[in-house]
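I have placed the structure first, in the form of structure tokens, so that the comments after it can refer back to it.
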Amino acid sequence: MNTTPILYSFRRCPYAIRARLAIYSAGIELEIREVLLRDKAPKFLEVSKSKTVPCLQTNDAILDESLEIMVWALNISDPNNWLRETNKSNELIAICDGPFKNALDRTKYPNRYPDENAVENRVLASDFLNLIESQLDPNLFGENLNLADIAILPFIRQFAHIDFNWFLSQPWPKTAQWLETFKTSEMFNSVMKKYPKWKEDDPITLFP
Ligand SMILES: N[C@@H](CCC(=O)N[C@@H](CS)C(=O)NCC(=O)O)C(=O)O
């Protein structure tokens, strides 16, 4: 029997946001379960090997990585052709998820990294912003969004909002416009709906 897939998600998590965006673009309907990171549901801890969100449970698989979930959804349906230029996209996403995310966390959460210098890390993170700015036209791969835009934008949003005035004062006008278009899009706002924390025996909540 085919059952509805289940997505364990957390509204503000950039990894979960990008997974929801791909599911939304693919037009897939599934059950969403909002996980509280500081109070994870036992069922989620049972299902997710990494204990991180997002985590997708289908009939025959458990996908524990946001990028895997994106590709799963877009392989079912990719009406916006986000899976073009996959190799080049993956190169940019790897920089985002690696050195950029590393520097982003050390800029955003100085208390968690007492031995690190937040300002130095902001400079390191800015290397990636410079690369993004040089590539935008107006999106990373031309006129239309692609997997890389969707995978990276939630992290750029997080970085920009550490100190939004500082972000706007940087020589990144294309990035600022790219982010603004994303934040005001129907798609983004549709995947940012609020759900109460899920608990066992709750009735099914469908996404989107
Ligand atoms: N590699 C994972 C990373 C996901 C991740 O780190 N998510 C964070 C939330 S933004 C998380 O669940 N952290 C676990 C915790 O805070 O306990 C993916 O791409 O899905």
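The values are calculated or read from the model by the stated rules, or taken from the named source; none is laboratory data. It should be emphasised that the depicted structure is a prediction, and the values quoted were computed from it without experimental measurement. Cβ: placed from backbone, ideal geometry, glycine included. Neighbour counts: every protein chain shown. The area values use the complete protein model at the heavy-atom level, side chains included, leaving out ligands, DNA and RNA. Shrake-Rupley method; radii C 1.70, N 1.55, O 1.52, S 1.80 Å.
Among the trypsin sites (Lys or Arg not before Pro) within the stretch 10-41, which fall in a DSSP loop and have no more than 14 other Cβ atoms within 10 Å of their own Cβ? Don't skip to the answer; put the middle values down first.
On the way: sites: R11, R12, R18, R20, R33, R38, K40; in loops: R11, R12, R38, K40.
Sites meeting the loop and neighbour criteria: R12, R38.
What fraction, in whole percent, of alpha-carbon pairs in the chain exceed 27 Å separation? Walk me through the intermediate numbers first.
Details: 6956 of 21528 pairs.
I get 32 percent for the Cα pairs in the chain exceeding 27 Å.
Which whole-number value in Å³ per residue fits the convex hull of the alpha carbons of the stretch 117-162?
Working: hull volume 3.0 nm³, N = 46.
Cα convex hull per residue, to the nearest whole number: 66 Å³.
Could you provide, to the nearest whole Å², the per residue accessible area of the stretch 86-185 with probe 1.4 Å? Each step should come with its number before you reach the end.
Details: 5030 Å² over 100 residues.
Averaged over the residues of the stretch 86-185, the accessible area is 50 Å².
In the Gaussian network model of the chain, springs joining C-alpha atoms below 10 Å, which of A125, A151, A16 carries the largest mean-square fluctuation?
In the Gaussian network model the winner is A125.
From zero up to wherever the largest Cα-Cα distance of the stretch 129-208 sits, split into 10 Å bins and tell me the percent of pairs in each.
Computed distribution, short to long bins: 16, 43, 23, 13, 5, 0.
Give me the net charge of P173's neighbourhood, meaning all other residues with Cβ under 13 Å from the Cβ of P173; Lys, Arg count +1, Asp, Glu -1. Mind showing how you got there, number by number?
Values: positive: K174; negative: E133, D137, E180.
With Lys, Arg at +1 and Asp, Glu at -1, the net is -2.
Near N75, within a Cβ-to-Cβ distance under 15 Å, what is the net charge of the other residues, with Lys and Arg +1 and Asp and Glu -1?
Details: positive: R84; negative: D60, E65, E68, D78.
Result for the local shell: -3.
Determine the share of the stretch 103-194's accessible area contributed by carbon and sulfur atoms, expressed in whole percent, with a 1.4 angstrom probe. Walk me through the numbers before you get to the answer.
Working: 2280 of 4670 Å².
It is 49 percent, rounded to a whole number.
If you add up the charges near D163, with Lys and Arg at +1 and Asp and Glu at -1, over every other residue whose beta carbon is less than 14 angstrom from its beta carbon, what do you get?
On the way: positive: K108, R122, R157; negative: none.
Every neighbour counted, the sum reads +3.
Which value does Rg/Rh take for the stretch 86-185 over its C-alpha atoms, Rh per Kirkwood? List each step's numbers first, then the result.
Numbers: Rg = 13.2 Å, Rh = 13.7 Å.
Using Cα coordinates only, the ratio equals 0.96.
Could you tell me the convex hull volume per residue, in Å³, taken over the Cα atoms of the stretch 5-87? The partial results should precede the final answer.
Values: hull volume 7.8 nm³, N = 83.
For the stretch 5-87, the hull spanned by Cα atoms encloses 94 Å³ per residue.
Going by Cα centres, the stretch 31-66 and the stretch 139-183 are how many Å apart?
28 Å
Out of all DSSP beta bridges with both ends in the stretch 1-98, state the antiparallel percent to the nearest 5. Let's see the in-between values first.
Details: 6 of 10 bridges.
Just about 60 percent of them are antiparallel.
Only sites in a loop by DSSP and with at most 15 other Cβ atoms within 10 Å count here; which GluC sites (Glu not before Pro) in the stretch 7-44 make the cut? Spell out each step's value before the answer.
On the way: sites: E29, E31, E34; in loops: E29.
Here the GluC sites (Glu not before Pro) that fit, given the DSSP loop and packing criteria, are E29.
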